[in-house]
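First comes the structure, then the notes that go with it.
None of the figures in this text is laboratory data; all of them are computed from the coordinates on show. Keep in mind that what you see is a predicted model, and the values were worked out from it rather than measured. Virtual Cβ from ideal backbone geometry, glycine too; neighbours counted across all protein chains shown.
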Amino acid sequence: MSKGKNRAASSAGKGFIDDSEDDALSEALSLDSSDFETITPPRKRQKTKAPTKSKVVRRASNKARQLLSSYTDLVDEDVSEEGSEDEFILDTSEILGIASDGDSDVPIRDLLPDPAIFEDLNAGPSRPKTAARIAANSKKRAKKAESNRRLRKFAHIRDRWDRKRAMNRDRLEEAHPKLLTMWQDLADIPVLKPVEATQPPSINRKLKSFQLEGLNWMMRQEKTQYRGGLLGDEMGMGKTIQAVSLIMSDYPARAPSLVVVPPVALMQWSNEIAEYTDGTLKVLVFHGTNSKTKNMSVRELKKYDVIIVSYNSLESMHRKETKGWTRGDDIIKEASALMAIKFHRLILDEAHSIKSRNTGVAKACFALQGDYKWCLSGTPVQNRIGEFFSLLRFLEIRPFADYFCRSCDCEQLHWALNDEHMCPACDHSGAEHVSIFNQELLNPITGDVAALRSDAMDKLHMITARMMLRRMKRDHTSSMELPPKEIVIHNEFFGEIERDFSSSIMTNTTRKFDTYVAQGVMLNNYANIFGLIMQMRQVANHPDLLLKKHSEGGQNVLVCNICDEPAEEAIRSRCHHEFCRSCIKSYIQSAGDDSPDCPRCHIALSIDLEQPDIEQDEDMVKKSSIINRIKMENWTSSSKIEMLVYDLYKLRSKKQTLKSIVFSQFTSMLQLIEWRLRRAGFNTVMLDGSMTPAQRQKSIEYFMKNADVEVFLVSLKAGGVALNLTEASRVFIVDPWWNPAAEWQSADRCHRIGQKRPCVITRLVIEDSVESRMVLLQEKKAAMISGTINNDKVAMDKLSPEDLQFLFRGT
Ligand SMILES: Nc1ncnc2c1ncn2[C@@H]1O[C@H](COP(=O)(O)OP(=O)(O)OP(=O)(O)O)[C@@H](O)[C@H]1O
């Protein structure tokens, strides 16, 4: 194994975003390519020869031709005025490091060739005029005339667009005069400045001063027209205790409050409410599959002060009530008592769970009724700015969450088209309806005009200032009594054999990818490209993850058809193929507006993303472990695993009894790590997505309560959010994820109130693998998140229009 460990201490801020140190973030964002060499061990610089003039001219003219043809393609497309329902699409060329033809991403303005290019064409020393030369010149002149003609034509088209857009906007404002004054109206709404509330007598823990401020802000925010908002404090700052204090602030209420949480946090919420209030509140943990709670009437439910339900259960109930299921020729629907209640307060914990507004989970949350509505999330935006819309919509922040019709005064919050693609409320066509969020914010922010982008960011911050409170740990470390957190990147190169294997996989996958690009079928091959990236990631962990695939094991256990791992929170498509819920979600998101095919059978994919988990036999899952498919007596470890073992040994050698959490996205990797660590004498416990909530809770308690359990092996998909694991003070992130927010969430499972020891988060990265590129991709995304949520304009300005386009639209 080659050496090379980089301490990316937060003050250095290179290569990793430490959320406790925003300076580090800004620094990381202002890195230029030479800075990256402090993360990436220096490589030989390739000397490039300065191009000759004739080459420059030829390149320029080629570029002009390309640009013109791209532009022609663009103007031929039907450009909708609506912001597209864009999802983040993985830029696979970026990930694979393959030069893509970026011209199609170039803003239209830049697509118009610079007239200087044509001057260049005619420049140069005068040469004797041969017949051929004269012919060539006259051809060039003809081309130039043709280009000018096309340019005039495009200018004309552009003018037409601009006029049409202006007319449409006039019609919209005529139908909805309030849009003329909406920003002024918003500016007139005062921004609430947090002031400390007094300690609520009904809460037995002393609230920190910033928590008392948060409580006061929440109470006053409920008296504004928004009747709620977003508490966006960073992870581990105690959003739960603030929410519980809010519930107690007007206890007893006329109706229960509903708290919606990820499944892993059901018991934690229930325990914390009981703990903070000495059992004053009557709490029901509502299980959608438990007949006792499932069959409760509205009247019975209303006897409780707080009902806690998981996002999955809520979605399932809402789906059964609205869509039902088929039995023979009939469609059976089942009314839900929970959906019928008008709650006093609705609280969405980890509210980024509804980030995709078209999912069943988001729709179920939108359908809930409550006097006051709250979102809690330390990472409200994860991939793209459009995710914020979903939160605005749940919170009913009008008019920004509304759709407006240009042809009449129709204004809809819960807007959808009917089967005839008409608005069910006004019967005008879908194309007549405009999302103000898209038009005023998303489009300019993702556009290429710097002034419009900056203006739209200011507008977005005007909204967030009036509905969101976000505090950062770095500003409250002393009141939180929070020890420091250090972020470390432990990077190594592959060992020789691994490198050979990885290079052959890399060459092979790159060739396949090139073929898709060359054939122009990249967009139709998401499944394959996804698979290619997955392979490279698996190889960076251990070649066996690829060589000893589940599909070759023949075990009777559900295997995800994307990651080839035991399916976590397994769900099934209509074509009867199983997937990890999170794998298939990312896969569908990656396809953007296209409807992807099933990655397994390649017929059109139809899958209910919010169906309940398919229950799996625990023994079967255990038997299907990768360990049972390998002759372990001859097994060779990998650089990645040995990096971890080395780090854990080092901890031990300091004679410290420190507990560690190890996160990976691959259960098989966790199984290999478990085997290796146990052989090295470490006591471990595992949590993954094939476990039931009760099994997960048992694992958590075992880790927290047994002093001799040193290492908690946790699947990022199942345990990356909501957990309080303050017994541990070391976190190892075994494999990077595209989305930095997912890593921040997992890192902060231990760095939270109650933590007494300094925390160290170590990211294990193999340098000569796809992982180092993923780290760069994360940095781009981190800049977007910082610009949106933290109001960090510096960070925003570091992103080029193409970066933004890439981040938000994925193209
Ligand atoms: N005032 C307080 N006194 C003592 N402990 C507290 C206080 N506030 C919060 N805690 C503890 O801090 C830990 C983190 O709190 P909590 O889980 O509410 O954070 P969070 O902001 O919701 O984090 P996440 O976004 O990761 O879910 C919990 O163990 C909680 O009991």
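Rounded, prolate or oblate: which one fits segment 422-495, using the alpha carbon gyration tensor with axes a ≥ b ≥ c (rounded when a/c is under 1.5, else prolate when a/b beats b/c, else oblate)?
On the way: a/c = 2.63, a/b = 1.88, b/c = 1.40.
Taking the square roots of the gyration eigenvalues as a ≥ b ≥ c, segment 422-495 is prolate.
Could you pull out every residue, at least 5 positions away or on a different chain, whose amide H is within less than 5 Å of the one on Val662? Hs are placed 1.01 Å off N in the peptide plane, and Pro or chain starts have none.
For Val662, whose amide H was placed from the backbone, the distant partners under 5 Å are Phe712, Leu713, Val714, Phe732.
Using modelled backbone amide H atoms (1.01 Å from N, in-plane), which distant-in-sequence or interchain residues come within less than 5 Å of Ile562's amide H?
For Ile562, the qualifying residues are Cys580.
Using +1 at the Cβ of each Lys and Arg and -1 at the Cβ of each Asp and Glu in segment 186-473, identify which of Gly279, Gly386, Ala364 lies farthest towards the dipole's positive end.
Farthest towards the positive pole: Gly279.
Need one word for segment 218-310: rounded, prolate or oblate. Basis is the Cα gyration tensor (sqrt eigenvalues a ≥ b ≥ c); a/c below 1.5 gives rounded, then a/b vs b/c decides.
Details: a/c = 1.72, a/b = 1.37, b/c = 1.26.
Judged from the Cα gyration tensor, segment 218-310 comes out prolate (a/c at least 1.5, a/b above b/c).
Nearest 0.05, what FRET efficiency do Met462 and Lys302 give at R0 = 30 Å with Cβ-Cβ as r? Walk me through the numbers on the way to the answer.
Working: r = 39 Å, r/R0 = 1.29.
Once rounded, the FRET efficiency stands at 0.20.
Could you give log10 I(q)/I(0) at q = 0.08, 0.12 Å⁻¹ for segment 186-473, computed by the Debye formula over C-alpha point scatterers of equal weight, without solvent?
Evaluating at q = 0.08, 0.12 Å⁻¹ gives log10 I(q)/I(0) of -0.37, -0.82.
Could you give me the ³J(HN,Hα) list for segment 157-164, computed from phi with Karplus coefficients 6.51, -1.76, 1.60 and θ = phi - 60°, whole Hz, x at Gly and Pro?
Per residue, the Karplus-derived 3J(HN,Hα) values read 5, 4, 4, 5, 4, 4, 5, 5 Hz.
With an 8 Å Cα cut-off and a minimum separation of 6 or more residues, compute the relative contact order for segment 186-473 in percent. Present the calculation step by step, with values, prior to reporting the outcome.
Values: 475 pairs, mean separation 56.2, N = 288.
In percent, rounded to a whole number, it is 20.
Could you put Ser377, Ser653, Ser336 in order, starting from the residue whose Cβ has the fewest other Cβ atoms within 10 Å? Mind showing how you got there, number by number?
On the way: Ser377 28, Ser653 8, Ser336 22.
If I rank by nearby Cβ atoms, fewest first, I get Ser653, Ser336, Ser377.
Report the gain in length on full extension from Arg572 to Lys333: 0.36 nm times residue separation, minus Cα-Cα distance, nm rounded to one decimal.
Value of the extension gain: 83.9 nm.
Please list, in chain and number order, the residues 5+ apart from Arg471 or on another chain whose amide H is under 5 Å from its amide H, with Hs placed from the backbone.
Gly232, Asp233, Glu234
Whole-Hz Karplus ³J(HN,Hα) for segment 372-377, in order, using 6.51 cos²θ - 1.76 cosθ + 1.60 and θ = phi - 60°, x for Gly and Pro?
Each residue of segment 372-377 in turn: 10, 10, 10, 10, 10, 6 Hz.
When you count, for each residue, the other Cβ atoms within 10 Å and take the mean per peptide, how do 395-401, 323-329 rank with the highest first? The partial results should precede the final answer.
Working: 395-401: 20.7, 323-329: 9.1.
Going by the mean number of other Cβ atoms within 10 Å, highest first, we get 395-401, 323-329.
Run the quick spin-label model on Glu701 and Asp500: label points 7 Å from Cα toward the beta carbon, then report their separation in nm to one decimal.
In this crude label model, Glu701 to Asp500 measures out at 5.1 nm.
In whole Hz and in residue order, list the ³J(HN,Hα) couplings for segment 606-614 that follow from phi through the Karplus curve 6.51 cos²θ - 1.76 cosθ + 1.60, θ = phi - 60°; x for Gly and Pro.
Working through the residues one at a time gives 9, 8, 8, 5, 10, 4, x, 4, 7 Hz.
Quick one: if the Förster radius is 45 Å, what FRET efficiency do Asn508 and Thr692 give, using the C-beta to C-beta distance and rounding to 0.05? Could you put the intermediate results ahead of the total?
On the way: r = 39 Å, r/R0 = 0.87.
The computed FRET efficiency comes out at 0.70.
Can you tell me the length gained on complete extension of the stretch Asp608 to Val195, counting 0.36 nm per residue apart and subtracting the Cα distance? Intermediate values should be presented prior to the final figure.
On the way: separation 413, 0.36 × 413 = 148.68 nm, distance 4.51 nm.
In short, 144.2 nm is gained.
Report, in debye and to the nearest 20, how large the dipole of segment 186-473 comes out about its Cα centre when Lys and Arg carry +1 and Asp and Glu carry -1 on their Cβ.
Numbers: 36 positive and 33 negative charges, 179 e Å.
Computed about the Cα centre, the dipole is about 860 debye.
Working out 0.36 nm times the residue gap between Asn628 and Arg227, then minus their Cα-Cα distance, what length gain in nm do you get to one decimal?
Full extension from Asn628 to Arg227 adds 138.8 nm.
For each of Cys375, Cys405, Cys601, count neighbouring Cβ atoms within 10 Å of the residue's Cβ, then give the residues from fewest to most.
Working: Cys375 28, Cys405 24, Cys601 13.
Lowest to highest Cβ neighbour count: Cys601, Cys405, Cys375.
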